[in-house]
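The values are calculated or read from the model by the stated rules, or taken from the named source; none is laboratory data. What you see is a predicted model, and the numbers here were worked out from it, not measured in a lab. Note that we place each Cβ from the backbone using ideal geometry, even for glycine, and neighbour counts take in every protein chain shown.
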């Protein structure tokens, strides 16, 4: 077996040194009745070539977004990842290193996490950020539990523009860990008023910007309503590239900003692994979940970095920890960090402009098709269309023409007939003029 | 003679102008290298379009630095060289299972049709992806002899949440949520944190003098308000809980459930099936046992296998096989609901499946045997110079206490830091908490006999050096790293969690 260095001769010598007859003897604490004496019923070992063939065959049964025009969003976005990102994250010193608990031999990881925390704070307009969470949905859920701790209240109000998966994750936690969730109905038109749902029990209000349906909102007034009621404003961002062009939540009064960081550096990969971003104000540092990297000096007085404020965390604080999170999304945070470093201020701004331009042009073209209505006054790179027939049928028909035309809203809101004809359409910098023309022609044909 | 003084004077003589030391090159933050207007990415011109941002266009600068591609490549290359990694040598972190990460797994995870799949594509266009998840689930269920598996948890601790929530859902369905969860004192910190996060009172169970759960104490704590127990097996002392079947029977007798922390599954893969032990739920760290890379702290993946009693309470989504091929159940009205956005850590699933297929059923059994053999070889090699925490053989990790350092003034921490200078990542220190000054070593099956012989020689040599009264050497270690011991107290007292531009100096001064 190519991954196992021990030879039979090694094993014999080692057993002799240990003073036992066989490897089985090392399992003597295992009750005899459950100790297997032969391999379980699964296939035998395969060569590298065979494994590649097998997985390649499975891959070929899928239609990848890289091989056809693709307009999918709804919380995960196809962007072009510069070649150097993937090359650098595959350096073994990054890829095969553990959590930086021994800072003297993990300054590389710690420094990029410190840079990552700074980038996230700058992008969101907040004071501080942590070293990452699993994904946008779980980060947003952690924001709610943090708001519950900070306010000592236990009711979260969720916008109808929040990604339904984010809402469902929060509802699951509320149900099992004991907080209340008031979720506003789907806000396809971007016209909801949450203020009537906020009261003296409300710990936080969670909104998404741009919303699940693509609307871009000024949240300043909502922030004021929240703060007057003693509640925190949590803003979730599922398309982090938008922050290159849109006023950041921190400038609109957000207390916690969470985001899905996948758009920068992380491939779609059918939904994971992604990287959750979590940022807040200085005054809440000790209530934050997850790992934090902090600057310090070594015994020679040289600047360096360590994991810090770990008295919040499970490995020190156990049942009193702010979160149970341990392993997070280190390598995806590195990919995010590298991609954003490559872009820089000028690159991110231009990338965001390109996304907006492409989506805006696509919205013009598609909404000009008879029977198709655009729901959005405002948008960044995603919008909602009302079609003259169920969106699921349309998407299936488009897929047969090798166009991934968008996400039917009904997939995330099943059972609501009023949403059945709505389609979420996203366009990033990867969408070409030819792609737009192909989509327009195919949609006309499907709707004919 | 005083080693540190001699070392310090040598360092003074060898100080360089740049502060660099050969291949150890100082590297500033990206924020200290950036120039406005520079970028490492070329993008096409923005075409004319209707502005639809409303009044929400960003008005202020973000503050990001601008670097060209070669600067970026050098920056991260230099950072990478400040890390230790499993690619470089023995990484004996107990409980973390740092094993070789095959590059084949990286290759297949990036294949077109996998790496570029969007999670919300029509189901008809992702049949191969669902089949792959189904195949991985089959391997996991077969290796554990469990009927169901929840694939979506993102890491071990997330799997724990999944398992305890599933247990709570099953109890709530009977109208009996209960109050307490029994957790051994030797447990990972995530266990009590998870139980508490789910609203349970954590009731600690002591270890007996053999390093196992004290069965009598465990049984004495059982009652109708106990929802279940969370036990790691093999446990964090590197020992198999030989009363595990009695523990399972006892918890089931009072109507509770048995959660097993599967962090140490690598010791028993292909040799013991958790389902045969009476376990109701167990997470499997794909990033430990099945070798998806740790990546400096993630991403992980923590599927949770479930017993027949708990299977109906699993979270969505899950893959089913119907008349028209594979389908994904994204909503089923079940008591649980959803734990994570989308469908789980697909990128990790592909890597784990490639790893399992490469080994095969026989190879996985060989791997767990080699992991246990390697740990026992270390234990045997060090037991005379150090002090094993418990008598007898171990499973996949060898645990020592700090008695061998008594009277030396060298602590476990000092000892670990001295290992760094010898070119090794230290073992896990001060965990499990039930052993004083614990040093927990897990070599995994990745290490060769020669490599272990060298490792044992070095660790023995350090133990001898400590006993010889050379405490000052240990207190000053490490000496040869990019940074020496860092002031963690300062970091926590005056937190600096991000870079900020220096305040401009007053012009008149």
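Assorted remarks:
- In region B:332-352, of all residues being in a helix (DSSP H, G or I) and more than 7 Å from every other protein chain (Cβ to nearest Cβ), the one that is surrounded by the fewest Cβ atoms within 10 Å (Cβ to Cβ) corresponds to B:352.
- Going through (1) at pLDDT 95 or above; (2) within 24 Å of residue B:98 (Cβ to Cβ) one by one, residue B:468 falls short only on (2).
- Verdict on residue B:113 being at pLDDT below 95, part of a loop (DSSP other than H, G, I, E, B) and at the interface with chain A (Cβ under 8 Å from one of its Cβ atoms): no
- Residue A:138 being within 8 Å of chain B (Cβ to nearest Cβ), within 27 Å of residue A:273 (Cα to Cα) and in contact with a strand residue (DSSP E or B) (Cβ under 8 Å, 6 or more places away or on another chain): yes
- Answer from B:413, B:452 - the residue that is in contact (Cβ under 8 Å) with a residue 24 or more places away in the chain and either in contact with a helix residue (DSSP H, G or I) (Cβ under 7 Å, 6 or more places away or on another chain) or surrounded by fewer than 21 Cβ atoms within 10 Å (Cβ to Cβ) (or both): B:452
- Scanning region A:353-367 for residues that are at the interface with chain B (Cβ under 7 Å from one of its Cβ atoms) and more than 21 Å from residue A:243 (Cβ to Cβ), we see that the one that is surrounded by the most Cβ atoms within 10 Å (Cβ to Cβ) is A:361.
Residues are listed down the side, and each one gets a yes or a no for (1) modelled with pLDDT under 95; (2) within 10 Å of chain A (Cβ to nearest Cβ); (3) surrounded by 21 or more Cβ atoms within 10 Å (Cβ to Cβ):
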position	(1), (2), (3)
B:368	no, yes, yes
B:386	no, no, yes
B:389	no, no, yes
B:392	no, yes, no
B:400	no, no, yes
B:406	no, no, no
B:417	no, yes, yes
B:431	yes, yes, no
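- The conditions of being within 21 Å of residue A:265 (Cβ to Cβ), at pLDDT 95 or above and surrounded by fewer than 24 Cβ atoms within 10 Å (Cβ to Cβ) are met by residue B:69.
- Residues (surrounded by fewer than 24 Cβ atoms within 10 Å (Cβ to Cβ), part of a helix (DSSP H, G or I) and in contact with a strand residue (DSSP E or B) (Cβ under 8 Å, 6 or more places away or on another chain)) located in region A:66-102: A:93
- Residues in region B:237-288 that are surrounded by fewer than 24 Cβ atoms within 10 Å (Cβ to Cβ), away from chain A (no Cβ under 12 Å) and part of a loop (DSSP other than H, G, I, E, B): 2 in all.
- Among the candidates A:225, A:205, A:216, residue that is touching a residue at least 40 places away in the same chain (Cβ under 8 Å) and more than 11 Å from chain B (Cβ to nearest Cβ): A:205
- Unique residue being assigned to a strand (DSSP E or B), in contact (Cβ under 8 Å) with a residue 40 or more places away in the chain and in contact with a helix residue (DSSP H, G or I) (Cβ under 7 Å, 6 or more places away or on another chain) when the list is A:424, A:398: A:424
Every residue, every condition in (1) on the phi > 0 side of the Ramachandran plot; (2) within 11 Å of chain A (Cβ to nearest Cβ), yes or no:
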| residue | (1), (2) |
| --- | --- |
| B:157 | no, yes |
| B:162 | no, yes |
| B:166 | no, yes |
| B:184 | no, no |
| B:188 | no, yes |
| B:195 | no, yes |
| B:199 | yes, yes |
| B:206 | no, no |
| B:221 | no, no |
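- Test: residue in region A:308-323 that is at pLDDT 95 or above and more than 7 Å from every other protein chain (Cβ to nearest Cβ): no
- Index of the failed condition, residue B:146 passing every other in (1) surrounded by 24 or more Cβ atoms within 10 Å (Cβ to Cβ); (2) more than 9 Å from every other protein chain (Cβ to nearest Cβ); (3) outside any loop (DSSP other than H, G, I, E, B): (3)
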